[in-house]
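Written below as structure tokens is the structure these notes are about.
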Amino acid sequence: MKEVILQTRVSVCSYDELPDADRAVVDVARCATAGSYSVYSGFSVGAAVRLGNGKVVSGSNQENAAYPSGMCAERTTLFWANSNYPSEPVEVMAIAARNAQGELEMPITPCGACRQVMLETERRFGNAIRIILYGARLCYVIDDGVRALLPLSFDSGFLE
Ligand code: THU
């Protein structure tokens, strides 16, 4: 049997080392945590995307007493962006989080369902999303798109 190793390329840097254009999107994601409705988890997540037309839009997690009815920040943001700008590719996505103690030191990484929606967005517009995961101490930058976070994924190619 042949073994195949799948690798993920992640750049690690401090917030200050990010390019200005990335920092701008990260700052919107950090601010977006303020709009989080996270009364059950106390975990506020913000996401921001920069679209092909240069607009930056954001969203946050919205929880519900019926837990599965809540929505993550990433999907809130992507669904809003894709609803309001259906022709604009998503070029960059930044994600940030805070809890009762403040901003997290290390980046959070999107859940599986959000990765799947990010993949659909990439397929829809035909470009890889630059993903920036913010942490107060370190940031991760993924330049190869969501495939790096979701190897062996299911996409529309299987339905053809
Ligand atoms: N959450 C997000 O919004 N994005 C993530 O990437 C991970 C988790 C939310 C869902 C829930 O409201 C809270 O964080 C705790 O899981």
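The values are calculated or read from the model by the stated rules, or taken from the named source; none is laboratory data. Please read all numbers here as calculations on a predicted model, not as lab measurements. Every residue, glycine as well, gets a Cβ built from its backbone with ideal geometry; the counts of neighbours run over all protein chains shown. Heads up: the accessible areas ignore ligands, DNA and RNA and are worked out on the full protein's heavy atoms, side chains in. Shrake-Rupley method; radii C 1.70, N 1.55, O 1.52, S 1.80 Å.
Can you name the residue in segment 57-68 that is within 11 Å of the ligand (Cβ to nearest atom) and of a type in the set (Gly, Ala, Ser) and is also farthest from residue 45 (Cα to Cα) among such residues? Across segment 57-68, the extreme among qualifying residues is 59. Of all residues assigned to segment 81-103, at least one qualifies as being within 11 Å of the ligand (Cβ to nearest atom), farther than 13 Å from residue 29 by Cα and not small (Gly, Ala, Ser). In segment 6-26, the residues that are open to solvent by 60 Å² or more (accessible area, probe 1.4 Å) reach residues that are part of a helix (DSSP H, G or I) with C-beta atoms within less than 6 angstrom, at least six apart or across chains, in these pairs: 8/148.
The one condition from (1) closer than 22 Å to residue 144 by Cβ; (2) open to solvent by 70 Å² or more (accessible area, probe 1.4 Å) that residue 40 does not meet is (1). For segment 105-121, the condition holds for no residue, the condition being that it is among the basic types (Lys, Arg), touching a residue at least 60 places away in the same chain (Cβ under 8 Å) and at negative phi.
Across segment 18-56, what is the number of residues that are part of a strand (DSSP E or B) and either more than 16 Å from the ligand (Cβ to nearest atom) or out of contact with any strand residue (DSSP E or B) (no Cβ under 6 Å at 6 or more places or on another chain) (or both)?
Summing the residues that are part of a strand (DSSP E or B) and either more than 16 Å from the ligand (Cβ to nearest atom) or out of contact with any strand residue (DSSP E or B) (no Cβ under 6 Å at 6 or more places or on another chain) (or both) in segment 18-56 gives 3.
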